Every structure is written in structure tokens, then in C-alpha cells.
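Everything below concerns the one structure shown next.
The values are calculated or read from the model by the stated rules, or taken from the named source; none is laboratory data. Since this is a predicted model, take the numbers as computed values, not measurements. Please note: Cβ atoms are built from the backbone with ideal geometry, for glycine as well, and neighbour counts cover all protein chains shown.
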Amino acid sequence: MTNEIRPIRSRDPARPRVPPGTGLSFLGVTPLRPCPYLPGRRERSIVTSLSGPRADTDYDAMLRAGFRRSHLAAYRPACPDCRACVSARVRVGEFVPSRSLKRVIARNCGVSVRVMPALARPDHYALFERYLAARHADGAMAGMGRESYGALVEESAVETRLAEFRSPGGRLYGVCVFDVVADGLSAVYSFYEPLRVKDSPGTYMILRLLGEARSRALPYLYLGYWIDGCDKMDYKARFRPLEVHGTGGWTLLDAREGGRDVSNH
């Protein structure tokens, strides 16, 4: 999501409604730009600010309506020609790891996790730089400096925490920024040691977040947006039961979504 916004015109057909009772009003819509997930398509997002004493409760309602958070704003895709992005969340209490997810757990035996305040730390930023250079060198976040990284971690009007992962021996393994909301945890952004990519660190960090949500007796883990058929998003469909948000609210994603049996791989 870009920070550049312009006023929304009332005739904009893509404008979603503000969840009732929040008192929020939309500030703008991001300019059209090439979609980073689906070639040949264009993306834009509706954006509203999150601030003040009601920010936590306002964002709870926004998240349940399919929005996400970036810094001090909530946003939702409002692309003119596409509705492929759908918000996804895992039912924590019903989640049971598949055979492949159990193998991920085994490969990461000994990795520890510590939940800490959302503060930008030098060793975390160094890992963030290595991760972007190895995994997303041509992405929108490539070359992000310390100040921008600090904003990514620390700019929040809601309860935000870091999950810090370390390998046996204390080497930094990965970091996940997540929000604590009324009905769950919401994964905001994660990065990891690129040399450990064969151990599926991104998947492993989600598994540990599911454990954290379970320990807090929270019913959901929000994973952001899922796009059927997009390789970058396929990993989210591994966490079942998975609910997706559409025009009818939250519904359970079928185990053979798109004709691909993803329930046990």
C-alpha cells in the first residue's frame, strides 16, 4: 500500500462501507498501479486513518470487515477490475497441522520464540535488509532505510507486538510484527534469515503464532489477503480451517479450493 492518497469521489463504485458504529470516515484511495501479484492487472486501496482513544475498537470492526493495517491506517483493496484478494483467517481452536506442517515443525526443532514490545532493533533491521535483498530485491520495499523500517514496526495506534525467533545458540532466525485484537492475532509483516529458506521459516512462524493465539484463548489468527492461484499466497491455504471474507461475510474455504487439494500436502 502506498501512502499517496487522493480524495474519494462519492460516485466511486468500489467504495466499501465503513463498519457501523466506528465513527470512521474514509480519507482517500491510492492511485492505480500495477498489481504485484497478478500480471496485467491494476491495484488500488481504500484507506482510512486509525487514531485516538477508539483506535483499538475501531480497528477490531475494520478487521472483521476485511480490512488490514499499515502504520496508522486501515486499508482494503478496491481494484476496479478485480476482486481476487480476500481477507483470510484461521480458526485457531480447530486447527490441526497436516503431515507437511508437522515436517516443518520437525525441521525447526529447537527454534525459540519470545514476544516483546514493537520496537525497531538494530539486529532486526540487519536481518530485514538481508531478507529483502535475497527474497524481494525488486519489490516495493527494497532499499527501505532504518527510519522507514522503524515506522513499519513502531507506527501503530493499536496493540502491536514482535515475535522474535532465534535458532539454537541464539542466532536471530526471524521476526514477526503482529497486532493483538479482540478476537485474535493479526500478522502484519514477517521476515527471516534467507539462508534458512529450506526450513520454511515463514510457515513455521505462522505455526508459532497459532500457538500464541491458542495460549491467549483467542479464536482467530488473521493472515492478511489470500489470492487463489497466486504462488506467493498459496502457503496461506495450508492452514485449515481457513475462513475468507466476501460479500456474504466470513465463510469457510473448501478443502479443494480451485480444484487443488491443499489440505494435506
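Looking at 242, 185 in this structure, which one is aliphatic (A, V, I, L, M), touching a residue at least 40 places away in the same chain (Cβ under 8 Å) and in contact with a strand residue (DSSP E or B) (Cβ under 8 Å, 6 or more places away or on another chain)? Walk me through it before giving the result.
Values: 185 fails: touching a residue at least 40 places away in the same chain (Cβ under 8 Å).
None of the other options fit; the residue is 242.
Name the single residue, out of those in segment 230-241 being under 20 Å from residue 201 (Cβ atoms) and in contact with a helix residue (DSSP H, G or I) (Cβ under 9 Å, 6 or more places away or on another chain), that is modelled with the lowest pLDDT.
235
Only one of (1) at pLDDT 90 or above; (2) surrounded by fewer than 16 Cβ atoms within 10 Å (Cβ to Cβ); (3) on the phi < 0 side of the Ramachandran plot is not met by residue 217, so which one is it?
(3)
Considering only residues that are charged (D, E, K, R) and touching a residue at least 24 places away in the same chain (Cβ under 8 Å), look in segment 86-108 and name the one that is surrounded by the most Cβ atoms within 10 Å (Cβ to Cβ).
Looking at the filtered set, the residue picked out is 89.
Which of (1) at pLDDT 95 or above; (2) over 24 Å from residue 247 (Cβ atoms) is the odd one out, the single condition residue 133 does not satisfy?
For residue 133, the exception is condition (1).
(1) buried (at least 21 other Cβ atoms within 10 Å of the Cβ); (2) touching a helix residue (DSSP H, G or I) at 6+ places or on another chain (Cβ under 8 Å); (3) touching a residue at least 40 places away in the same chain (Cβ under 8 Å); (4) under 30 Å from residue 58 (Cα atoms): which one isn't true of residue 192, the others all being true?
All conditions pass for residue 192, except number (4).
Give the residues of segment 199-225 that are more than 13 Å from residue 174 (Cα to Cα) and within 12 Å of the chain's Cα centre (by Cα), sorted by residue number.
Scanning segment 199-225 gives 221, 222, 223, 224, 225.
Please indicate, with yes or no, whether at least one residue in segment 59-70 is without any contact (Cβ under 8 Å) to a residue 24 or more places away in the chain and either under 16 Å from residue 246 (Cα atoms) or β-branched (Val, Ile, Thr) (or both).
Checked segment 59-70: at least one residue is without any contact (Cβ under 8 Å) to a residue 24 or more places away in the chain and either under 16 Å from residue 246 (Cα atoms) or β-branched (Val, Ile, Thr) (or both).
For segment 170-200, which positions are farther than 16 Å from residue 113 by Cβ and of a type in the set (D, E, K, R)?
Of everything in segment 170-200, those that are farther than 16 Å from residue 113 by Cβ and of a type in the set (D, E, K, R) turn out to be 179, 183, 198.
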